[in-house]
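These notes are about the structure you will find just below.
The values are calculated or read from the model by the stated rules, or taken from the named source; none is laboratory data. Quick caveat: nothing in here was measured; it's all calculated off a predicted structure. Neighbour counts are summed over all protein chains in view; Cβ atoms, including those assigned to glycine, are modelled from backbone coordinates with ideal geometry. Note: areas computed on protein heavy atoms with side chains; ligands, DNA, RNA excluded. Shrake-Rupley method; radii C 1.70, N 1.55, O 1.52, S 1.80 Å.
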Amino acid sequence: MKSLALGVAFLSIGAIGAAQDSLSAAKDLYAAAAYEEALSTLTRLSAGTAPGSSGKSEIDEYRAFCLFALGKTAEAESVTEALLSKDPLLELDPRDASPRIVAMFEGVRRRILPRVIREEYKTVRAALDRKDFAEARPGLEHVRRLLDEADRSGTSDEALADLRVLVDGFLDLTHAVVETRAAAEQAQRASAAASTAAAPPPEPMYDSSSAGVTVPVVVSQQVPGVPPALRPVMKSGRAGVLDLVIDAKGNVERVVMRESVNAIYDKLVLTAAHSWKYQPATKNGTPVRYQKSVVLNLE
């Protein structure tokens, strides 16, 4: 019976080897523990498949499986590194990969993940420098997922933690810019479709050049500190200027960063400024709207 079983196994492997030169055939060979034959088939398939094309990733996955099964660990890890460099969040099907192969993939992922994160952030930063926030947004979201994976796998360090602060800040900024542009476009369309009824005249606004006006008095004007992660990328001694419109109730109606400090820090200040509170400016004893400038001197 044992000889018969071996005979059937050899026949099966022979039938698989004679099958069509395809990924399906290579998988069958791998399942039958014919690793050399499977690797030969996969190598031919990989050479004839364009990078990035459908099926290339799965072909290289099985190449890594076969190399590992044959004890060619260094070659298996090299193929795995190329795979994970292109898709760092690649997940193996547990039905195909043994626990030892999964552990090998995880080990390679932990080793290369910090480098991959920095490379992807560098690419995204180029889009941010061009002010192309729509292009940068998906890249930033992907980098944040990679940072989450670094936390999960225990490969995060202080540098990656600082990078997360930058990524989260830029994500907030890109969300705000994209949503503001979308809202502006929607408002523009609504305005074009709206009736031409005359709008009520705006309340007058005063500033430091206005005669007979008592300026607002600060009740609360807390300027946020600079996060440690931002200090290396901010120019020392740089000052920023905010223009505020304070309404007749002493609330900040509108705020604009006229002279920027840093894109991320600007957003922190703009958010904080909306909560600042003043005793309103007055003219002839009546509270009025007032435009005020605030200079941010950062050391």
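Out of the residues in region 218-234 meeting the condition of being aliphatic (A, V, I, L, M) and in a loop (DSSP other than H, G, I, E, B), tell me which one is most open to solvent (accessible area, probe 1.4 Å).
For region 218-234, the residue satisfying everything is Val223.
Filter region 126-136 down to residues that are open to solvent by less than 60 Å² (accessible area, probe 1.4 Å), in contact with a helix residue (DSSP H, G or I) (Cβ under 7 Å, 6 or more places away or on another chain) and not small (Gly, Ala, Ser), then give me how many there are.
2
Restricting attention to region 113-123, does a residue exist that is touching a His at 6+ places or on another chain (Cβ under 8 Å) and either surrounded by 14 or more Cβ atoms within 10 Å (Cβ to Cβ) or not in a helix (DSSP H, G or I) (or both)?
Within region 113-123, one or more residues are touching a His at 6+ places or on another chain (Cβ under 8 Å) and either surrounded by 14 or more Cβ atoms within 10 Å (Cβ to Cβ) or not in a helix (DSSP H, G or I) (or both).
Please note which strands (runs of 3 or more DSSP E) are completely contained in region 253-299 and include at least 2 residues that are at pLDDT below 90.
286-297
Note down all Cβ pairs under 6 Å where the first residue falls in region 218-234 and is more than 30 Å from Ala281 (Cα to Cα), the second is assigned to a loop (DSSP other than H, G, I, E, B), and they're at least six residues apart or on different chains.
Note: pairs meeting the criteria are Met234/Asn262.
Table: residues versus (1) open to solvent by less than 50 Å² (accessible area, probe 1.4 Å); (2) in a loop (DSSP other than H, G, I, E, B).
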site	(1), (2)
Thr41	yes, no
Leu45	yes, no
Glu58	no, no
Cys66	yes, no
Ala76	yes, no
Thr80	yes, no
Leu89	no, yes
Asp96	no, yes
Val108	yes, no
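Test Arg152 against the criterion of being over 16 Å from the mean Cα position of the chain (by Cα), farther than 23 Å from Gly55 by Cα, open to solvent by 80 Å² or more (accessible area, probe 1.4 Å) and at pLDDT 95 or above, and give yes or no.
For Arg152, the condition - over 16 Å from the mean Cα position of the chain (by Cα), farther than 23 Å from Gly55 by Cα, open to solvent by 80 Å² or more (accessible area, probe 1.4 Å) and at pLDDT 95 or above - is not met.
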